[in-house]
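Colleague: Here's a structure for you.
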C-alpha cells in the first residue's frame, strides 16, 4: 500500500508547481510540503524499523517534523524530484516491512509523541499507512479547490 500511495503522491506532484507550492492558510502546509513531509516520514519510519530489529525497545527519535519544513526548504524543492524521492522512500520502507518475520511485528519502540508510549512495529506500519492516506487527502483538498 505504501508504494501505491506514493505513486498517487507522485502523480499529484506532476501538476502546476505554483499550485503545489501554495498554502491555502498560512499555518497549513502546501501540497508540496505535505509530500516532502511524507517522504521524510517514510525514511524515518524505515530507520525506526531497522533500529527496532537490532535493539530491544529503542527510543524512536523525534524527526522534527515542523522544523524540517524550513530547515530542508520544503516549499522550494522541485516537485519532480520529490515525486521520485517519495516513490523511492516508499520502496525502501516496504522493503524492510516485507522482511519482517512473524515475531518481528511485535518488536517495540518507545515513541515520545504525543506522550511516551511503547508501540509495536505492526502499529508503526499501520500508523505510517494512515499518515500516507491522511496527507494524500490533505493534498487533494487543496489541489481540488
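Colleague: Can you tell me the 0 to 90 degree angle between the C-alpha axis of helix 79-98 and the longest principal axis of the chain, rounded to 10?
Modeller: Computed tilt is about 20 degrees.
Colleague: For region 95-145, what does the alpha-carbon gyration tensor say about shape, rounded, prolate or oblate, given a ≥ b ≥ c as the root eigenvalues, a/c under 1.5 as rounded, and a/b over b/c as prolate?
Modeller: It is oblate, given that a/c is not under 1.5 and a/b is not larger than b/c.
Colleague: Given R₀ = 22 Å, FRET efficiency for residue 23-residue 1 by Cβ-Cβ distance, to 0.05?
Modeller: After rounding to 0.05, the efficiency reads 0.20.
Colleague: Order of 115-126, 36-47 by packing, highest average Cβ count within 10 Å first?
Modeller: In decreasing order of mean packing, 115-126, 36-47 become 36-47, 115-126.
Colleague: Next question. Once label points are set 7 Å from the Cα along Cα→Cβ at both residue 130 and residue 55, what is their separation, rounded to one decimal in nm?
Modeller: Label at residue 130, label at residue 55, 2.5 nm between them.
Colleague: Something else now. Compute the acute angle (0 to 90°) between the alpha-carbon long axis of helix 121-143 and the principal axis of greatest extent of the alpha-carbon atoms of the chain; round to the nearest 10°.
Modeller: 10
Colleague: Could you state the number of Å between the C-alpha centres of region 81-104 and region 59-78?
Modeller: 19
Colleague: Further question on the same structure: Can you tell me the 0 to 90 degree angle between the C-alpha axis of helix 31-54 and the longest principal axis of the chain, rounded to 10?
Modeller: 10
Colleague: Can I ask one more? Using only helices, what value at 222 nm comes out for the chain when you add -39,500 (n - 2.57) per DSSP H run of length 4 or more and divide by the total residues, to the nearest 500 deg cm²/dmol?
Modeller: Computed ellipticity for the chain at 222 nm equals -20500 deg cm²/dmol.
Values quoted throughout were computed directly from the atomic coordinates according to the rules given, and no laboratory measurement underlies them. Only a predicted model underlies this, so the values are computations on that prediction, with no experimental measurement involved. Here the Cβ is made from the backbone with ideal geometry for all residues, glycine too, and neighbour counts use every protein chain on show.
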